[in-house]
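Colleague: Take a look at this one; I'll ask things after.
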There are 2 protein chains.
Amino acid sequence: MKERITLKHIAKEFNVSIATVSRALKNSYEIGEATREKIQEYAKHHNYKPNSIALSLLNKKTKTIGVVMPTILNHFFVKIFNGIEQVANEKGYNLITIISNGKLEKEIASLDMLENGFIDGLLISLSEETQSKQHFKHIEGFINNAGPVVMFDRVSDSVETDKIIVDDFNCAYKTTEHLIKTGCKRIAIVSVLDNLGIIKLRIEGYKKALEDYNIPINEKIITLIKKDYDFETEIKTMLDYQKIDAIIGLEEFSTAESMLIAKKRGYKIPEDISVIGFTSSELFRYTNPSITCISQHGVYMGKNAAEKLIERIEQKDIDKSTFETKVIKTSLLERESTRPLD
Amino acid sequence: MKERITLKHIAKEFNVSIATVSRALKNSYEIGEATREKIQEYAKHHNYKPNSIALSLLNKKTKTIGVVMPTILNHFFVKIFNGIEQVANEKGYNLITIISNGKLEKEIASLDMLENGFIDGLLISLSEETQSKQHFKHIEGFINNAGPVVMFDRVSDSVETDKIIVDDFNCAYKTTEHLIKTGCKRIAIVSVLDNLGIIKLRIEGYKKALEDYNIPINEKIITLIKKDYDFETEIKTMLDYQKIDAIIGLEEFSTAESMLIAKKRGYKIPEDISVIGFTSSELFRYTNPSITCISQHGVYMGKNAAEKLIERIEQKDIDKSTFETKVIKTSLLERESTRPLD
DNA sequence: CTGAAAGCGCTTACAG
DNA sequence: CTGAAAGCGCTTACAG
């Protein structure tokens, strides 16, 4: 690696000041044409690139956005990331990506590190632990000290900022309603996530739908499986001791895995048990039967989040009263794991 | 957002020089204990964080790595990214991630942008177009002007640098051999990727295995499907006009989709046709039958790539003669889509 | 024990 | 048309 060429080098080469070089390269009309041309040519030939760190220090803008996500091993988040990347790229922003891995500690450490001027703004989806412990000081700290924040999907009501979410309550309501209309009455919920705001909302929506259709709620078939519990055992127990004619899986794993276990237990899908996944996943297209699911439009969510953040970054003053929560509509993608409506 | 607090502010507060503040915060033994303590306390209380942009300018190190990948909608790359993230995080490096989306142009633009001092080094997996056009000037330019580069998975022989790859030739050889040993003779290859070094190597390994077992090579069942061609039509044509008893899919999509089409055409898997996917994918666990595949150990590859790059970054001088290409072993994960060995 | 100065690489208002 | 100077926020060798 050669030493990087700077204005200083060029200035020395032509025996002019670095100010002149700077202006010549910016095509300033102030500089004589001859000087301008020879400097530009030299710079081009030697592949001069203005040092962006120096520019960042000067402008107090890095044109870089932080993205903190709980995981990337989840197709929904991959899609969101894709959306973010598209918009960021388009608008000339770089992305610094951090996976919190569900850990509050890492989230805090990351924000702490990012609070030092390296990014212009932050996109964040909270880790499980952050939500269960309801610890948001690091987010608020960032907003106060470092720059605008847009939260997406896994958000918190208690943090005042812009948010992009899915309407989990309504979505769960409609999903449950759909199952009821196809004749299901004993609808189970399965999830390996817990303590997440979105999970609570989904369960509320589900319960409301059951109520509205006068179906009793059976807490024993709302199976939230903690990390240290064995998934297969829990599902088998539920299938063996409870009567069930539908399963709503709240993420990819729970959905696909529950269906697999049910099939092994001899249940026909969807004749005996209907299955719906509460997330879009490529995987669901290829299972047998293919799985009906809620499409959450991850790319669209990512794009919206990035657009909102960049808008805030480029805004002079941020009026807290203009903070908004955008709700992204979901859609039901019917496949073979649920019965047709009529 | 409050104005960020700087050494200047603190210095003014205590009527000392910024040098003193800087030293006090670094716990320099030179500074009187009283001064040190009151400055530290004040800084802590006001949440002072040294501006990392200023430090980067000073140290000519940003503790940031660039990651350029062709796609993220591919589980293999997601896993690699996870591995990279783990190591980077551990060693205190940030990641700037760019998805080239298979486009040479974007790859060039990205490197151009990253060449200006924002990153200490680069991890890159080439885009399809880059490989088909054999255009590597931007990579070489980066190595010469900006910093060390480690290439992973989709690499080029003509670029001199460290590389982490899968042994595609051998792996394809052994995969083909495995199919032959389970009684398959008419082994098809299906891929939607083309012009990729790794694809060529895999096909060579496959052909070598056929040769070694005295099985004639039938080019008509090596189906590389171009972007604008209809996948389903191509596969159906192959199934209808050629005799086939095994399919090796070179990526997730081709594998899962081919099996689906074959099943629809009435073939029993693996009795009539065996299927192997040349990539690890969560999806393959849930299809019916589940799909035997090559596990490429993406996380491990990502970790290795990141470790190598950081080693290079933290090295004073890089001796080109020490560039190495590390080959990651793959393993065959047998599932239901292939027949057992005996 | 503390400060003034130089410097990282750049831009730009101010002089001339 | 061109340059010297100040400044972005920091560190550190050099003086005292």
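The values are calculated or read from the model by the stated rules, or taken from the named source; none is laboratory data. The structure displayed is predicted, hence computed values, not measured ones. Don't worry about glycine lacking a Cβ; one is built from the backbone with ideal geometry, like all the others, and counts go over all protein chains shown.
Colleague: Give the stretch A:100-114 a look and list any residue that's in a helix (DSSP H, G or I) and either at positive phi or more than 10 Å from chain B (Cβ to nearest Cβ) (or both), or say none.
Modeller: Selection gives A:L104, A:E105, A:E107, A:I108, A:L111.
Colleague: Go through the residues of the stretch A:57-66 one by one and say whether even a single one is more than 17 Å from the chain's Cα centre (by Cα), within 11 Å of DNA strand D (Cβ to nearest atom), surrounded by 15 or more Cβ atoms within 10 Å (Cβ to Cβ) and over 26 Å from B:A109 (Cβ atoms).
Modeller: no
Colleague: Identify, by number, the condition in (1) under 19 Å from the mean Cα position of the chain (by Cα); (2) assigned by TED's automatic domain parsing to the domain that holds B:I247; (3) surrounded by 17 or more Cβ atoms within 10 Å (Cβ to Cβ); (4) part of a loop (DSSP other than H, G, I, E, B) that B:C184 doesn't meet.
Modeller: In the conditions (1) under 19 Å from the mean Cα position of the chain (by Cα); (2) assigned by TED's automatic domain parsing to the domain that holds B:I247; (3) surrounded by 17 or more Cβ atoms within 10 Å (Cβ to Cβ); (4) part of a loop (DSSP other than H, G, I, E, B), B:C184 misses (1) alone.
Colleague: Criterion first (of a type outside the set (A, V, I, L, M, F, W, C), out of contact with any Leu (no Cβ under 8 Å at 6 or more places or on another chain), touching a residue at least 12 places away in the same chain (Cβ under 8 Å) and within 16 Å of A:S290 (Cα to Cα)) does A:T223 satisfy it?
Modeller: When the stated conditions are applied, A:T223 does not pass them.
Colleague: If you go through the stretch A:270-279 one residue at a time, do you hit one that is modelled with pLDDT of 95 or more, part of a helix (DSSP H, G or I) and among the acidic types (D, E)?
Modeller: No, the stretch A:270-279 contains no residue that is modelled with pLDDT of 95 or more, part of a helix (DSSP H, G or I) and among the acidic types (D, E).
Colleague: Then there is this: Give the residue, chosen from B:N116, B:N89, B:N47, that is surrounded by fewer than 21 Cβ atoms within 10 Å (Cβ to Cβ) and closer than 12 Å to A:I53 by Cβ.
Modeller: Unique residue meeting the criteria: B:N116.
Colleague: Taking the stretch A:311-342 on its own, how many of its residues are among the aliphatic types (A, V, I, L, M), outside any loop (DSSP other than H, G, I, E, B) and in contact with a helix residue (DSSP H, G or I) (Cβ under 7 Å, 6 or more places away or on another chain)?
Modeller: The total comes to 2.
Colleague: Name the pairs: first residue in the stretch A:1-22 and on the phi < 0 side of the Ramachandran plot and at the interface with another protein chain (Cβ under 10 Å from one of its Cβ atoms), second residue within 12 Å of DNA strand C (Cβ to nearest atom) and outside any helix (DSSP H, G or I), Cβ to Cβ under 6 Å, at least 6 apart or on different chains?
Modeller: So the pair list comes out as A:I5/A:H46; A:I5/A:Y48.
Colleague: Follow-up. Just to be sure before I move on: is B:K163 basic (K, R) and buried (at least 18 other Cβ atoms within 10 Å of the Cβ) in the structure I sent?
Modeller: yes
Colleague: Condition first: of a type outside the set (K, R) and under 18 Å from B:L55 (Cα atoms). Now tell me which residues in the stretch B:12-27 satisfy that.
Modeller: Hits for the stretch B:12-27 are B:I18, B:A19, B:T20, B:V21, B:S22, B:A24, B:L25, B:N27.
Colleague: Quick check on my filter: what residues within the stretch B:11-53 are of a type in the set (A, V, I, L, M) and either near DNA strand D (Cβ under 8 Å from one of its atoms) or part of a loop (DSSP other than H, G, I, E, B) (or both)?
Modeller: B:V16, B:I18, B:A19, B:V21, B:L25, B:I31, B:I53
Colleague: For A:T130, all conditions in the list (1) closer than 18 Å to A:I72 by Cβ; (2) part of a strand (DSSP E or B) hold save one; what is the number of the exception?
Modeller: For A:T130, the exception is condition (2).
Colleague: Out of the stretch B:30-75, which residues are more than 8 Å from every other protein chain (Cβ to nearest Cβ), within 8 Å of DNA strand C (Cβ to nearest atom) and of a type outside the set (V, I, T)?
Modeller: Selection gives B:E30, B:G32, B:E33, B:A34, B:R36, B:L58, B:K60.
Colleague: Report whether or not A:T97 is closer than 30 Å to A:K227 by Cα, touching a residue at least 12 places away in the same chain (Cβ under 8 Å), under 20 Å from the mean Cα position of the chain (by Cα) and within 9 Å of chain B (Cβ to nearest Cβ).
Modeller: Yes.
Colleague: Is there a residue in the stretch B:125-137 that is more than 26 Å from A:S52 (Cα to Cα), touching a Gly at 6+ places or on another chain (Cβ under 8 Å) and at the interface with chain A (Cβ under 10 Å from one of its Cβ atoms)?
Modeller: No, that holds for no residue.
Colleague: So, in the stretch A:78-93, of the ones that are in contact with a helix residue (DSSP H, G or I) (Cβ under 7 Å, 6 or more places away or on another chain) and not in a helix (DSSP H, G or I), which residue ends up farthest from DNA strand D (Cβ to nearest atom)?
Modeller: A:K91
Colleague: Here is a check on your reading of the model: is A:P270 of a type outside the set (A, V, I, L, M, F, W, C) and surrounded by fewer than 16 Cβ atoms within 10 Å (Cβ to Cβ)?
Modeller: So A:P270 does not fit the description; no.
Colleague: Next question, about the same structure. Give the residue that is farthest from DNA strand D (Cβ to nearest atom), with candidates limited to residues of the stretch A:1-10 that are outside any loop (DSSP other than H, G, I, E, B) and surrounded by fewer than 18 Cβ atoms within 10 Å (Cβ to Cβ).
Modeller: Among them, the one singled out is A:H9.
Colleague: Looking at (1) within 17 Å of the chain's Cα centre (by Cα); (2) farther than 20 Å from B:V150 by Cα; (3) touching a residue at least 24 places away in the same chain (Cβ under 8 Å), which is the only condition B:L73 fails?
Modeller: So B:L73 meets the others, but not (3).
Colleague: Still on this structure: Only one of (1) at pLDDT 95 or above; (2) surrounded by 13 or more Cβ atoms within 10 Å (Cβ to Cβ) is not met by A:L260, so which one is it?
Modeller: Unmet for A:L260, out of (1) at pLDDT 95 or above; (2) surrounded by 13 or more Cβ atoms within 10 Å (Cβ to Cβ): (1).
Colleague: Okay, next question. If we keep just the residues of the stretch A:11-24 that are buried (at least 16 other Cβ atoms within 10 Å of the Cβ) and under 13 Å from A:E41 (Cα atoms), which is nearest to DNA strand C (Cβ to nearest atom)?
Modeller: Ranking the candidates gives A:V21 first.
Colleague: Out of the residues in the stretch A:85-94 that are within 10 Å of another protein chain (Cβ to nearest Cβ) and touching a residue at least 60 places away in the same chain (Cβ under 8 Å), state the one that is farthest from B:M69 (Cα to Cα).
Modeller: A:A88
Colleague: Looking at the stretch B:67-77, is at least one residue under 22 Å from A:M69 (Cα atoms), within 16 Å of DNA strand D (Cβ to nearest atom), surrounded by fewer than 18 Cβ atoms within 10 Å (Cβ to Cβ) and in the same structural domain as B:V159 (by TED's automatic domain parsing)?
Modeller: No; the residues of the stretch B:67-77 include none that is under 22 Å from A:M69 (Cα atoms), within 16 Å of DNA strand D (Cβ to nearest atom), surrounded by fewer than 18 Cβ atoms within 10 Å (Cβ to Cβ) and in the same structural domain as B:V159 (by TED's automatic domain parsing).
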